[in-house]
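Following: one structure in structure tokens, then a few remarks.
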Amino acid sequence: MEAVHDRGHLMVFAPTRRAVSETFIRANLARLPFRISAYFGDERPWFKPLRLLYGLAILLSKVLTRLRLLRAAGLPASGAAMLLIQRDRPALVLAEFGFEAVRVMEACRWSRLPLVVHFRGSDASAEERIGVLSSRYKRLFSIADGVIVKSNAMAERLIGLGARRERIIVSPSGADSELFHGSAPSSYGPLLLAVGRFVAKKGPLQTLEAFRRCLLQLGSPSEPMLWMVGEGPLLTRAMQFVAEQNLQGQVRFLGCCGQREVAALMRQARAFVQHSCVAPNGDSEGSPVAVMEAQLSGLPVIATRHAGIPDVVIEGETGLLVEEGDEEAMAMAMLRLINDPELAERFGRAGRQRVLKRFTVAHHLQQVTDLLDRVQAKAAAMPCPPL
């Protein structure tokens with residue numbers, strides 16, 4: 001990619017930079033080749049008046065959204081965003097998450113700035129988002145010049161809500177090739193690794209139940225292990241399940257781990273497992289980054305045919321896929337790779353090659369950069385339309 005000074009000024013609006021789950025937003029800010037001004041809805045520094053104003057405006061917008069005053073909800077944040085735009089004079093705007101985009105979209109229209117929206121998961125699936133914001137999304141798609149999504153399934157969902165197919169790019173966030181490498185599944189014992197928040201769409205309870213059934217099929221539960229990385233609201237239930245099933249010797253909960261720690265864990269495992277599924281509130285994955293990280297490491301993946309996972313994992317070539325909720329099938333997939341380390345090795349090698357060709361962080365950043373360049377060039381070539 002070209003040097004930063006060769007491109008224009010990009011303004012980014014995002015809900016937060018602090019949450020662990022927003023690692024990929026921070027990565028974009030650090031690596032996108034633009035001069036970037038970034039503003040976050042949960043930051044309210046008293047010594048920076050316009051940032052404080054934006055944070056307070058987002059807070060008011062959230063209150064108005066809960067009251068179902070949806071048109072009014074976009075005005076405070078758009079007003080504050082307009083002041084920031086007038087001060088910073090960016091060439092274009094990138095909004096992270098659809099729900100953040102609807103808060104600032106009118107500022108882009110008022111200022112005649114091109115807007116690109118980055119949808120990441122719950123903003124394109126969870127009922128509390130879609131159900132409330134569907135009418136505002138229609139408005140958003142009439143304004144947005146580009147839309148980034150994580151999977152083909154997410155693209156189709158947004159097209160159904162009014163997004164224009166020709167303005168969408170499908171770009172999974174990708175895995176970091178500098179960190180994730182070196183796994184040798186056939187060289188290690190039957191250790192299964194799961195990485196993800198303990199929330200319904202990640203399926204941690206289904207993963208545990210599948211592992212329990214796998215152990216019953218083996219008949220000797222002393223050797224296989226399941227290590228689970230992450231925290232979240234379902235962690236307590238997961239720990240209770242392990243205690244009730246007397247699996248403390250086979251299951252370890254490792255808490256939150258940094259990317260380097262996760263990469264090191266992947267170099268000790270036989271396979272990566274994740275039972276992703278649609279949560280009761282409709283929340284769905286985009287394209288889980290941990291799946292790409294596992295394949296890039298050289299691990300086979302056992303997962304579900306959910307959202308963007310089949311875009312990345314090829315059944316019978318780089319891993320084994322089962323239907324959502326089919327814990328017995330996942331148990332059999334676990335059993336197969338536990339009993340066949342050479343197959344695990346072969347899947348892992350193929351998975352690494354697949355991610356290296358299509359699903360690294362570098363691929364994602366290049367795709368996003370290319371879209372932003374196209375949008376910026378198109379805006380520069382067009383006369384300003386009337387308001």
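Assorted remarks:
- Global geometry of segment 308-377, whether rounded, prolate or oblate, following the gyration tensor of its Cα atoms and the 1.5 cut on a/c: oblate
- The distance linking segment 157-199 with segment 320-342 is 19 Å (Cα centroid to Cα centroid, whole angstrom).
- Dimensionless Rg/Rh of segment 187-250 - Kirkwood Rh, Rg from C-alpha atoms: 0.96
- Computed over segment 106-213, Kirkwood Rh from alpha-carbon pairs, angstrom: 17.1
- Distance in nm between pseudo-label sites at E323 and M382 (7 Å out along the Cβ direction from Cα): 4.5
- Segment 38-143, dipole about Cα centre (Lys/Arg Cβ +1, Asp/Glu Cβ -1), debye to the nearest 20: 320
- Rg over Rh for the chain works out to 1.01, both radii taken from alpha-carbon positions and Rh defined as the Kirkwood radius.
- Cβ-Cβ FRET estimate between I314 and T16, R0 fixed at 41 Å, reported to 0.05: 0.75
- Percent accessible area from carbon and sulfur atoms, segment 29-135, protein chains only, probe 1.4 Å: 57
- Expressed as a whole percent, the accessible surface of segment 199-337 that belongs to carbon and sulfur atoms is 48, based on a 1.4 Å probe.
- Label-to-label distance, Q366 versus E166, with points set 7 angstrom from Cα along the beta-carbon direction: 2.6 nm.
- Net length gained if the chain between Q259 and I143 were fully extended (0.36 nm per residue, minus Cα distance): 38.1 nm
- FRET efficiency estimate (nearest 0.05) - Cβ-Cβ, S187 to N246, R0 35 angstrom: 0.75
- Placing dummy labels 7 Å off each Cα toward the beta-carbon, the span from E178 to L205 is 4.0 nm.
- Cα gyration tensor category, rounded, prolate or oblate, for segment 212-286 with a/c compared to 1.5: oblate
- Surface analysis of segment 184-243 yields an accessible area of 42 Å² per residue, using protein heavy atoms and a 1.4 Å probe.
- Loop sites here are chymotrypsin sites (Phe, Trp or Tyr not before Pro) outside DSSP states H, G, I, E and B with no more than 10 other Cβ atoms within 10 Å. The longest part of the chain free of them is 48-387.
- Hydrodynamic radius of segment 174-323 by the Kirkwood approach over all distinct alpha-carbon pairs: 15.4 Å.
- Restricting the calculation to Cα atoms, segment 39-89 yields a radius of gyration followed by a Dmax of 10.9, 33 Å.
- Summing +1 for each Lys or Arg and -1 for each Asp or Glu among the other residues whose beta-carbon sits under 13 angstrom from that of L56 gives +3.
- The residues of segment 254-387 present an accessible area of 40 Å² per residue when probed at 1.4 Å with all protein chains retained.
- Cα gyration tensor shape of segment 336-383, rounded if a/c is under 1.5, else prolate or oblate by comparing a/b with b/c: prolate
The values are calculated or read from the model by the stated rules, or taken from the named source; none is laboratory data. What you see is a predicted model; the values in this text were computed from it and never measured. So basically every Cβ, Gly included, is an ideal-geometry build from the backbone, and we count neighbours across all protein chains shown. Just so you know, the surface numbers come from the protein's heavy atoms only, side chains and all, with ligands and any DNA or RNA stripped out. Shrake-Rupley method; radii C 1.70, N 1.55, O 1.52, S 1.80 Å.
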